[in-house]
Amino acid sequence: MRFLRISLIIGLCLLSPPAFAESVKILVQSSPLAGSQYYAVSEVWLQIKPGDRLTLTREPANRHDRNAIRVDWNGRQLGYVPRAENRAVAAALDSGEQLEARVSKLRAPLETPDPWQRIEFEVYLVL
């Protein structure tokens, strides 16, 4: 029943978006940032805030992963969408879907020694 209600709400939004909404965004996934220890995160850590927009860039020629998606913040590479979670996002980007990514959670290095737990982000499909 709950799925039916959610589907109905999404369907109504697609047919007639509310006058106050610029667009409809559907959460595609929430992920940790992969590989951040190798990129600019430590240099820009104090500047990044939850809600900041991230840029997703496909790297189909990446020799490690043909579904690779680079994650940038203000033109600085922070890392990648995790390999285990990048297939659907890669397919959406390849087919021209409009996606938006934002920082959802930050944990300071003192909170967790695991770099995979320091930055989480969400990817939305924009309709």
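The values are calculated or read from the model by the stated rules, or taken from the named source; none is laboratory data. Model, not experiment: these values are computed from the prediction. Don't worry about glycine lacking a Cβ; one is built from the backbone with ideal geometry, like all the others, and counts go over all protein chains shown.
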With respect to L56, determine if the residue is assigned to a strand (DSSP E or B), aliphatic (A, V, I, L, M) and either at pLDDT 95 or above or surrounded by 13 or more Cβ atoms within 10 Å (Cβ to Cβ) (or both).
-> yes
For the range 20-53, the count of residues that are charged (D, E, K, R), farther than 14 Å from D72 by Cα and exposed (fewer than 15 other Cβ atoms within 10 Å of the Cβ) equals 1
Mind counting the residues in the range 99-119 that are in a helix (DSSP H, G or I) and polar (S, T, N, Q)?
-> 1
With the condition kept exactly as written, say whether any residue in the range 82-89 is in contact with a Phe, Trp or Tyr (Cβ under 8 Å, 6 or more places away or on another chain), over 13 Å from F121 (Cβ atoms), surrounded by 14 or more Cβ atoms within 10 Å (Cβ to Cβ) and of a type outside the set (K, R).
-> no
The range 41-53, subset in a loop (DSSP other than H, G, I, E, B) and at pLDDT below 90, residue farthest from S30 (Cα to Cα) = L46
Output the residue which, of all residues in the range 99-127 that are of a type in the set (V, I, T) and in contact with a helix residue (DSSP H, G or I) (Cβ under 7 Å, 6 or more places away or on another chain), is farthest from T57 (Cα to Cα).
-> I119
Quick one: in the range 76-98, of everything that is in a loop (DSSP other than H, G, I, E, B) and touching a residue at least 12 places away in the same chain (Cβ under 8 Å), which residue is farthest from the chain's Cα centre (by Cα)?
-> E97
Considering (1) without any contact (Cβ under 8 Å) to a residue 24 or more places away in the chain; (2) not in a loop (DSSP other than H, G, I, E, B), say which one E122 fails and leave the rest.
-> (1)
